[in-house]
Amino acid sequence: MRRYPEAIEFFDKSLLLDQNAEIIYGKIQTILLWKGDLQEAQKIAESTGFGLNGYIWYSLFYYNRQYEKLIPVANKLETQFDYFPKTLNIAGAYFFNSNIPLCNQYADSAITEFNLKIKESPEDDRYYAALGYAWAFKGEKKKAIENAQKAVKLKPIKMDAWQGFMKELDLLRIYMLTGEYDLAMDKIEFLMTIPCDLSIPLLKMDPIFDKLRELPRFQKILTTEYKTNY
């Protein structure tokens, strides 16, 4: 709900009881959403005993544009929201590092896995969203967007406000990866009006939005005060 100070308060209370990576990751993401402060986020990560924990440091290296560091920490991420196998995360690392041959190689491996997963569980939105990323990394725009849109249809916001906005975020990012910038900004303007893990500070720092930075419409988005409608 973009009530970030309260979120930090409860993450800190949780960490007094359990120093686990998921809670630390949640606190770091909240700092980035609230302040866009990478230095503070990195200090939190360094103060833990988890070392170079995969999804914590993959995120920080990505936001710092240290793409060469993504590959050693790439690992599988499986939650109720996402299913990103190691092959897909490595494909993403090579994509952002502009190594297209290796990106394609790992994306192909991920696509093979997703096709098998979808045969086993054809209603699992996570597989379609992840497959959308894999096709986007390969430059297959139509397949990428179709799979991301399928994920949104399977888990719409009206069915699940939390998992639903995650699928919308996936679609937004895939619009960016495939060059559909107007559709991406349409999605940004919508997501900024509902409870969602998207904020102006994050838009300002996330490398995926770099292609929008000089566009007047995006500059207007960054200066707009959005109201979160519950």
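Scanning the stretch 6-24 for residues that are assigned to a helix (DSSP H, G or I) and over 15 Å from Ile56 (Cα atoms) yields Glu6, Ala7, Ile8, Glu9, Phe10, Phe11, Asp12, Lys13, Ser14, Leu15, Leu16, Leu17.
Taking the stretch 17-40 as the range and being farther than 15 Å from Lys204 by Cα and either among the aliphatic types (A, V, I, L, M) or touching a Leu at 6+ places or on another chain (Cβ under 6 Å) (or both) as the test, the residues that pass are Leu17, Ala21, Ile23, Ile24, Ile28. Per the conditions (1) surrounded by fewer than 24 Cβ atoms within 10 Å (Cβ to Cβ); (2) touching a residue at least 40 places away in the same chain (Cβ under 8 Å); (3) out of contact with any strand residue (DSSP E or B) (no Cβ under 8 Å at 6 or more places or on another chain), the sole criterion not satisfied by Gly132 is (1).
Among the aromatic types (Phe, Trp, Tyr), part of a helix (DSSP H, G or I) and within 15 Å of the chain's Cα centre (by Cα): is that true of Tyr58 in this structure?
yes
Considering only residues that are buried (at least 17 other Cβ atoms within 10 Å of the Cβ) and aliphatic (A, V, I, L, M), which ones fall in the stretch 140-163? Passing the criteria: Ala144, Ile145, Ala148, Ala151, Val152, Leu154, Ile157. Flag: Lys167 does not match the condition of being among the basic types (Lys, Arg) and in contact with a Ser or Thr (Cβ under 8 Å, 6 or more places away or on another chain). Read through the list (1) assigned to a helix (DSSP H, G or I); (2) under 30 Å from Asp124 (Cβ atoms), then give the number of the only condition that Arg217 fails. Of the numbered conditions (1) assigned to a helix (DSSP H, G or I); (2) under 30 Å from Asp124 (Cβ atoms), the odd one out for Arg217 is (2).
Taken as a whole, the condition of being assigned to a helix (DSSP H, G or I) and either farther than 24 Å from Gly26 by Cβ or modelled with pLDDT under 95 (or both) does not apply to Ile188.
Summed over the stretch 159-184, the residues that are more than 18 Å from Phe137 (Cβ to Cβ) and polar (S, T, N, Q) give a count of 1.
Residues are listed down the side, and each one gets a yes or a no for (1) in contact with a Phe, Trp or Tyr (Cβ under 8 Å, 6 or more places away or on another chain); (2) within 30 Å of Tyr230 (Cα to Cα); (3) outside any helix (DSSP H, G or I):
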| residue | (1), (2), (3) |
| --- | --- |
| Cys103 | yes, no, no |
| Glu123 | no, yes, yes |
| Tyr127 | yes, yes, no |
| Ala130 | yes, yes, no |
| Gly139 | no, no, yes |
| Ile145 | yes, yes, no |
| Ala151 | yes, yes, no |
| Gln163 | yes, yes, no |
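The condition (being within 17 Å of the chain's Cα centre (by Cα) and at pLDDT 95 or above) is satisfied by just one residue among Ile8, Ile100, Ile31: Ile31. With the structure loaded, tell me whether Lys211 is touching a Leu at 6+ places or on another chain (Cβ under 9 Å), in contact (Cβ under 8 Å) with a residue 12 or more places away in the chain, part of a helix (DSSP H, G or I) and of a type in the set (D, E, K, R) or whether it fails that test. Answer is no for this residue.
Residues that are among the small types (Gly, Ala, Ser) and either touching a residue at least 24 places away in the same chain (Cβ under 8 Å) or more than 17 Å from Glu46 (Cα to Cα) (or both) within the stretch 6-30 comprise Ala7, Ser14, Ala21, listed in sequence order. It is to be established whether one or more residues within the stretch 138-150 are more than 22 Å from Ile208 (Cα to Cα) and without any contact (Cβ under 8 Å) to a residue 12 or more places away in the chain. No: the stretch 138-150 contains no residue that is more than 22 Å from Ile208 (Cα to Cα) and without any contact (Cβ under 8 Å) to a residue 12 or more places away in the chain.
The values are calculated or read from the model by the stated rules, or taken from the named source; none is laboratory data. A quick note: this is a predicted structure, and the numbers were derived from the prediction, not measured. When we count neighbours, we look across all protein chains shown, and the Cβ atoms used for this are built from the backbone with ideal geometry, even at glycine.
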